[in-house]
Amino acid sequence: MAPVNNRPKIGVIDIETAPIVGNVWGLYDQNVGINQIEKEWAILSFAFVDLEGRKKDVVYMDNSSNDDPRDDFVLCYALWLILDEYDFLIAQNGKRFDLKKIRARLIEHGFPPHSPVQVLDTMLMARQVAAFTSNKLEWLSVHLTDIPKSKHKKFPGFELWAECLKGNPEAWKAMRRYNIPDILACRALYLKLRPWVTDHPNLNVYNDETNISCPRCQSTDLAERGFQYTSVGKYQRYQCRPCLGWTRSRFTLNTTAKRKSLLK
């Protein structure tokens, strides 16, 4: 059973953005200057769910009811509230894209800084632990989870974004059906990769419990499974029964006399 006091708040998020509209003279390898930009990008929609939330708890918002679908102020306010409340956000390519894009729009709209939040990036996790054929959610969700990334067959490729920007209600419905499964697939992928990640944040610093517990899922159901050795120390090794992740004690089991006898 995991500790219940002061557990960190962890959520899963995914945003969809409108493209920059620019004036160009060709189709390949174009260098677009700032004075060629006709319309700036904006956030079109987002989906969010708590790590422990159910499908019915998913929060989805978009700009479908706005006269200008690029008007994302209300949507950004909702995102600011989430970022200000949560300790961790799980996202595919979240460090380089989602969080930075959200912050860019928040700054442009004049929002104050939200409270510190860390990103658990499933793409970086996949890249760290293995050499998969692809680190894209489309591939990872099919091969590692039972929730494949959604496709928008009625509006293939860029057509979905183009039709949303035109105000097509059917396209907005397709965007919702596309956006929500992404966070559910991302959450399943995170839980699949979590026990393999060696540098996962230690979640136990967020509670006041003193029982030994898993640093990834906070379960106290740990099995002692041998020892881990470094060049100067011996440590108790544990495996978490619920999530199967491995960890070890922070303090060496070597006696003072043994530590003194070890040469470097």
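The values are calculated or read from the model by the stated rules, or taken from the named source; none is laboratory data. Keep in mind that what you see is a predicted model, and the values were worked out from it rather than measured. So basically every Cβ, Gly included, is an ideal-geometry build from the backbone, and we count neighbours across all protein chains shown. Only protein heavy atoms, including side chains, enter the accessible area calculation; ligands, DNA and RNA are left aside. Shrake-Rupley method; radii C 1.70, N 1.55, O 1.52, S 1.80 Å.
If the condition is being in contact with a Cys (Cβ under 8 Å, 6 or more places away or on another chain) and among the β-branched types (Val, Ile, Thr), then region 67-119 contributes 90, 102. Answer yes if at least one residue in region 30-45 is open to solvent by 30 Å² or more (accessible area, probe 1.4 Å), within 17 Å of residue 188 (Cβ to Cβ) and touching a residue at least 24 places away in the same chain (Cβ under 8 Å), and no otherwise. So far as region 30-45 goes, no, none of its residues is open to solvent by 30 Å² or more (accessible area, probe 1.4 Å), within 17 Å of residue 188 (Cβ to Cβ) and touching a residue at least 24 places away in the same chain (Cβ under 8 Å). Among the residues of region 145-167, just one is in a helix (DSSP H, G or I), without any contact (Cβ under 8 Å) to a residue 12 or more places away in the chain and either under 25 Å from residue 12 (Cβ atoms) or among the small types (Gly, Ala, Ser) (or both), namely 162. Checking region 78-88 against the condition returns a match, with at least one residue being open to solvent by 10 Å² or more (accessible area, probe 1.4 Å), more than 20 Å from residue 160 (Cα to Cα), touching a residue at least 60 places away in the same chain (Cβ under 8 Å) and part of a helix (DSSP H, G or I). Candidates in region 191-236 are the residues that are under 24 Å from residue 90 (Cβ atoms), of a type in the set (S, T, N, Q) and outside any helix (DSSP H, G or I); of these, the one that is most open to solvent (accessible area, probe 1.4 Å) is 198.
So which of 245, 157 ends up being among the small types (Gly, Ala, Ser), under 23 Å from the mean Cα position of the chain (by Cα) and open to solvent by less than 50 Å² (accessible area, probe 1.4 Å)?
The match here is 245.
Does any residue in region 182-205 that is under 14 Å from residue 126 (Cβ atoms) come within less than 6 Å, Cβ to Cβ, of a residue that is open to solvent by 30 Å² or more (accessible area, probe 1.4 Å) and of a type in the set (Lys, Arg) six or more places away or on a different chain, and which pairs are these? Close Cβ pairs (under 6 Å, with a partner that is open to solvent by 30 Å² or more (accessible area, probe 1.4 Å) and of a type in the set (Lys, Arg)) amount to 185/149. Tallying residues that are in contact (Cβ under 8 Å) with a residue 24 or more places away in the chain and either under 26 Å from residue 214 (Cβ atoms) or part of a loop (DSSP other than H, G, I, E, B) (or both) within region 250-264 yields 3. Checked against (1) within 19 Å of the chain's Cα centre (by Cα); (2) modelled with pLDDT of 95 or more, residue 221 meets all criteria but (1).
Only residues that are of a type in the set (S, T, N, Q), closer than 20 Å to residue 89 by Cα and open to solvent by 60 Å² or more (accessible area, probe 1.4 Å) were counted across region 125-149, and they come to 1. Within region 168-178, being in contact (Cβ under 8 Å) with a residue 60 or more places away in the chain and exposed (fewer than 15 other Cβ atoms within 10 Å of the Cβ) holds for one residue alone: 169. It is to be established whether one or more residues within region 50-62 are touching a Cys at 6+ places or on another chain (Cβ under 7 Å) and modelled with pLDDT of 95 or more. Taking every residue of region 50-62 in turn, none turns out to be touching a Cys at 6+ places or on another chain (Cβ under 7 Å) and modelled with pLDDT of 95 or more.
Of all residues in region 6-22, those satisfying the criterion of being of a type outside the set (Val, Ile, Thr) and within 25 Å of residue 63 (Cα to Cα) are 11, 14, 16, 18, 19, 22.
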